[in-house]
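Novice: Can you keep this structure in mind? I'll have questions shortly.
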Amino acid sequence: MTEAALTAATQRRTLVVLVAAQILSGAGLAAGVTVGSLLAQELLNSTSLAGLPSALGTAGSVLAAAIVARISQSHGRRPGLATGYLLGAIGSAGVIAGAVADSPALFFAGLFVYGAGTSTNLQARYAGADLASPAHRARAVSTVLVATTVGGVAGPLLAAPTGDLSAGLGIPYLAGPFLLAGAAYAIAALVLAVWLRPDPLLLARTVEDATPDQPSAQPDQRRTGVTAGTLVMVITQVVMVAIMTMTPVHLQHHGHGTVAAGVVIAIHLAAMYLPSPLTGWLVDRYSSVLIATASGLTLLAAGLVAATTYSVAGLAVALALLGLGWNLGLVSGTAIVTAAVPPATRASTQGLVDVCIAVAGAFGGLVSGVVVAEAGYPLLAAAGGVLALGVVPVVALAARADCRQHRRREECGA
């Protein structure tokens, strides 16, 4: 078997293992999205602080993104990702303990650690692209992302059953989904630790060392690509988190219960991940710049729809558009960043990018509760949609980087 064929076979195995872990982690991250804000509102008896769980979770993901990236850069994707999911499981246990003890401090500490699962779920997409050819890189990223759909949709739909289970165990009803999250994250860590071999990042470095004559981006092109891709993902993240976080509270304020919130969030999570194969194909077939522009326009539509409806059906449509816009931005932004950096420095750069994304999410979650308390959900949604248009001028940077890289390849005869 040739080296290229061996690399391709390893890539297929890597994707299978990552898909299995992503299905599990999808269920884990869905718990906080579905009931986190409601549980905080119950513990604190305050709507203005209902966005705090999202902010703490994403703040925790900032630290976790750095930790996972550092471990991955030094030792490979397998120990990095497994560590991140294990932290997510520990955080889930902390959330449950805080709810049982009626301790906001313990609850919030658990949420902070729980955020590690979210950042690890996102960083796994990079592992899918480590061994992929440039022409199939976005599709490899999308394959990992779409696997999250299964767990992401099942998690919210299991909010009521896990709530009943937890109540029978003497645990507050709204803490039930975190039982599922803890188990899912722990099993995902085990799957990666046992089966993600050989490590895709370490193998990618070996392959690159064996082909030193391949053309690569120049330093200024790398900086431009990383900056543009990061900004695309940061903008889409802050808009998505802000609107998503307060939607369950908005539904509750208009007489809709946990089941309705679970259905809307399930639709949202499906839209975040299910379109990934199509998005990846579009990025590879056309360009990341075009798809990033579509992301900004889709998020604008989501914000406008959310701002003008109070029904479950209307908010389901808005959250579906919100998830789709986020997906378009994440896949296109990831492709821009991954193409700009070589395997030797890939994990550390990608980790820094995800730290920026996590900070943006923390900001969106924290501000969302304050905005809704002071000005209402419609203003939050509309403002988020307008902010998303910031993606459009940003992609001009990516277009310029793509053009320079294309000319470079032509000059090298690639």
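Novice: For the range 140-151, enumerate the residues that are among the hydroxyl-bearing types (Ser, Thr, Tyr) and modelled with pLDDT of 85 or more.
Specialist: 142, 143
Novice: Can you confirm whether the range 9-16 contains a residue that is modelled with pLDDT under 75 and either out of contact with any Phe, Trp or Tyr (no Cβ under 9 Å at 6 or more places or on another chain) or buried (at least 18 other Cβ atoms within 10 Å of the Cβ) (or both)?
Specialist: no
Novice: So, in the range 259-311, of the ones that are among the small types (Gly, Ala, Ser) and not in a helix (DSSP H, G or I), which residue ends up surrounded by the most Cβ atoms within 10 Å (Cβ to Cβ)?
Specialist: Per the criteria, the residue is 287.
Novice: Can residue 339 be described as closer than 24 Å to residue 123 by Cβ, crowded, with 24+ Cβ neighbours inside 10 Å and in contact (Cβ under 8 Å) with a residue 12 or more places away in the chain?
Specialist: Judged against the criteria, residue 339 is not a match.
Novice: Also, quick follow-up: Kindly indicate whether any position in the range 90-113 is among the hydrophobic types (A, V, I, L, M, F, W, C), without any contact (Cβ under 8 Å) to a residue 12 or more places away in the chain and more than 29 Å from residue 130 (Cα to Cα).
Specialist: Yes: the range 90-113 contains one or more residues that are among the hydrophobic types (A, V, I, L, M, F, W, C), without any contact (Cβ under 8 Å) to a residue 12 or more places away in the chain and more than 29 Å from residue 130 (Cα to Cα).
Novice: Sticking with this structure for a sec: Residue pairs, Cβ under 8 Å, 6 or more apart or interchain, first in the range 30-46 and over 14 Å from residue 57 (Cα atoms), second of a type in the set (A, V, I, L, M, F, W, C) and at pLDDT 75 or above. List them.
Specialist: Listed pairs, sorted by first residue: 38/174; 38/249; 38/261; 41/249; 42/174; 43/99; 43/107.
Novice: Scanning the range 140-162 for residues that are small (Gly, Ala, Ser) and surrounded by 21 or more Cβ atoms within 10 Å (Cβ to Cβ), which turns out nearest to residue 332 (Cα to Cα)?
Specialist: 142
Novice: Now a separate question. Find all pairs meeting these conditions: Cβ atoms under 7 angstrom apart; at least six residues apart or on different chains; first residue within the range 309-330 and closer than 17 Å to residue 385 by Cβ; second residue aromatic (Phe, Trp, Tyr).
Specialist: 327/273
Novice: Can residue 262 be described as touching a Pro at 6+ places or on another chain (Cβ under 6 Å) and closer than 24 Å to residue 176 by Cα?
Specialist: yes
Novice: What pairs come out if I take residues in the range 354-373 that are farther than 25 Å from residue 226 by Cα and pair them with residues that are modelled with pLDDT of 90 or more and in a helix (DSSP H, G or I) whose C-beta lies under 7 Å away, six or more apart or interchain?
Specialist: Listed by first residue and then by second, the contacts come to 367/242; 368/242; 368/380; 371/379; 371/380; 372/380.
The values are calculated or read from the model by the stated rules, or taken from the named source; none is laboratory data. Please read all numbers here as calculations on a predicted model, not as lab measurements. Using ideal geometry, Cβ is built from the backbone for each residue, glycine included, and neighbour counts are taken over all protein chains shown.
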